[in-house]
Amino acid sequence: MSQPSFSYQNRPAIIQNLKNEYFDLIIIGGGITGAGIALDACTRGLKVALVEKKDFASGTSSKSTKLIHGGLRYLKQFEFNLVREVGKERSILHDLATHLVRPEKMLLPLIKDGNYGKIITSVGLMVYDVLAGVEEEDQRKMLSVEETMKSEPLLDKGIIEGGGLYAEYQTDDFRLVTELIKTSVDYGSQILNYTTCTDLLAKGGKVCGVACHDDESGEDFKIYGDYVVNAAGPWVDQVRKLNKKVKETKLHLTKGIHIVVPFEKLPVKQSVYFDVSDGRMIFAIPKNDITYIGTTDTNYKGNPRDARTSKKDVKYLINAVNEAFPKIELQIEDILSSWAGVRPLIQDEGKSTSEISRKDEIFISDRGLISIAGGKLTGYRKMAKRTVDLVLEMKSSRSGITKKTKSKTKKVKFKGNNFKNTKAIASYKTKLLKENPNYLKEQIRYLVDLYGDQAATILSFADQLPGKNQNAKLLKAEVRFCVDREMVMHLTDFFVHRTGRLFFNIQSVKDHLNLVATDMKHWLDWDAAQMNEEIAIMTEEIKQATEFK
Ligand code: FAD
């Protein structure tokens, strides 16, 4: 099977492969869970197909707090195994995607009658360091009141009793998904976005494939294979119910939102994980020119796609910030952008939203549909490993031939990451800046943080363009790269799920909407009406990120 490049032009060839080939594994859903399973399976030699209804990472996997964390909160729920597992995972993920999983310090201020007392925190963070396998230089440090205030002078000294500094990792969830998908494509997986699984196909009472609808061409087609995995995140129940006999619901959905403010409005010196007066905890995370704050945790009913940031959500976060940082006086008008996501949690009768475990679970229907839900971004690789182990076990017992292949993903670096460590990334940025003196340090940083060593390709595309406006050239080169190599089909794909600009630099979306639309019209053969429709959809996205009802 020849491998077409991962761009719009090659969709017909990918569809041909999906229709004509017989797969070992068909995956429904292109969030972190589905993308992780695809990579695990194809690197073990399985023939993999994956369909995603909208864009990759357009579900929950672009709406998280964007932390690859060791699960400090799980300690409070005594879920030691979970702490150990996700903690170890962090350092593996840092090796696999060094430019995308970046170590950051997190400050946990201790307040009177807060969630974490001094002794509990000291012991807890120590246990956390051990369970999570934290490197010595990153291990926790307990701080006095003075040291805590020095670390974060914006805090309310009157209520601070000390603090803890510990290790967390920050990421760009949507880029993790994109690079996982691209890496899987390199290993031969056949993957398509904007393709909905509309039905499950069965033979002899067992699922043997999926019926699909390609939104772009309007074509309906079928994919056949040995096993089907439902990795549809908050839509897992909907996909399960494609089998009409399935009535019960496995998921409990909760909504979480984040708001983005200019860094100068909340200039925290490092990320802070602080108490809210209702007993919850939230994060304030600085990232270049902005600080983002989140999250909430409220029961959610309805289509996950319709989840929005409400005025009530926003007020809750603003009040929490103003209580913890009394000099700040944050207002709703300060908000630059926001996002709302839906957690696909496993039902846990009688537990409140924040008490429900974040554990993942695999369930197999009587017709053999394998569904996986729950879990975290941080644990995606282990979830993928468990799912593929199960598929291989099922394959063995069906065929009677035992052929055990171990997961290889511990060693499969993401596309764009040829870096040994964080230092190597810094050297690469310096080298690129030297070789490209026309660009600013921030422009190089932006490219390398998002695309890793693929930044060089984008810079070479920019070099081929006429004109002197370096900013416009770089943006056009980035658009070309994403269309050509990352299956970008729509303006929202570029501005939201490849670059995160809607969240972290909404002004650049507003400033360059027409320029990007004109370029994409060229690359994707849009007519004028299509281009206007794309602009209208992106304008609506901006509205939803900035207007709250
Ligand atoms: P999704 O990303 O939703 O992917 C499912 C995909 O399936 C979607 O793209 C959807 O379009 C597709 N789909 C649905 N139906 C069909 C169909 N019929 N055919 C084809 N495709 C279909 N985890 C962390 O580790 N760290 C964090 O900091 C963190 N913060 C979070 C904060 C919030 C507010 C939330 C909501 C979650 C957070 N999480 C975090 C959890 C993490 O984001 C989720 O566990 C993870 O993203 C779920 O990924 P998924 O692939 O299962 O679901």
Take the residues in the range 230-253 that are of a type in the set (Val, Ile, Thr) and either surrounded by fewer than 22 Cβ atoms within 10 Å (Cβ to Cβ) or more than 11 Å from the ligand (Cβ to nearest atom) (or both); name whichever of them is nearest to the chain's Cα centre (by Cα). 249
So for the range 54-66 (the condition being touching a Cys at 6+ places or on another chain (Cβ under 7 Å), outside any loop (DSSP other than H, G, I, E, B), more than 6 Å from the ligand (Cβ to nearest atom) and not aromatic (Phe, Trp, Tyr)), does at least one residue qualify? no
Residues in the range 463-473: is at least one assigned to a helix (DSSP H, G or I) and under 29 Å from residue 31 (Cβ atoms)? no
Please find, among 229, 236, 177, the residue that is touching a residue at least 40 places away in the same chain (Cβ under 8 Å), in contact with a Ser or Thr (Cβ under 7 Å, 6 or more places away or on another chain), farther than 28 Å from residue 270 by Cβ and not in a strand (DSSP E or B). 236
Could you tell me whether residue 30 is assigned to a helix (DSSP H, G or I), under 29 Å from residue 537 (Cβ atoms) and within 8 Å of the ligand (Cβ to nearest atom)? no
Which numbered condition trips up residue 345, out of (1) assigned to a strand (DSSP E or B); (2) modelled with pLDDT of 95 or more? (2)
Answer with yes or no whether residue 172 is more than 9 Å from the ligand (Cβ to nearest atom), among the charged types (D, E, K, R) and more than 22 Å from the chain's Cα centre (by Cα). no
Enumerate the pairs (first residue in the range 20-35 and on the phi > 0 side of the Ramachandran plot; second residue anywhere and within 6 Å of the ligand (Cβ to nearest atom) and part of a helix (DSSP H, G or I)) with beta-carbon separation below 9 Å, excluding pairs fewer than 6 apart on the same chain, so at least 6 apart or on different chains. 29/233; 29/235; 29/239
Of (1) on the phi > 0 side of the Ramachandran plot; (2) buried (at least 18 other Cβ atoms within 10 Å of the Cβ), residue 525 satisfies every one except (2)
Looking at the structure I just gave you, is residue 223 surrounded by 15 or more Cβ atoms within 10 Å (Cβ to Cβ), within 13 Å of the ligand (Cβ to nearest atom), closer than 23 Å to residue 506 by Cα and touching a residue at least 12 places away in the same chain (Cβ under 8 Å)? no
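The values are calculated or read from the model by the stated rules, or taken from the named source; none is laboratory data. A quick note: this is a predicted structure, and the numbers were derived from the prediction, not measured. A quick note on method: Cβ atoms are made from the backbone with ideal geometry, for glycine too, and the neighbour counts reach across all protein chains shown.
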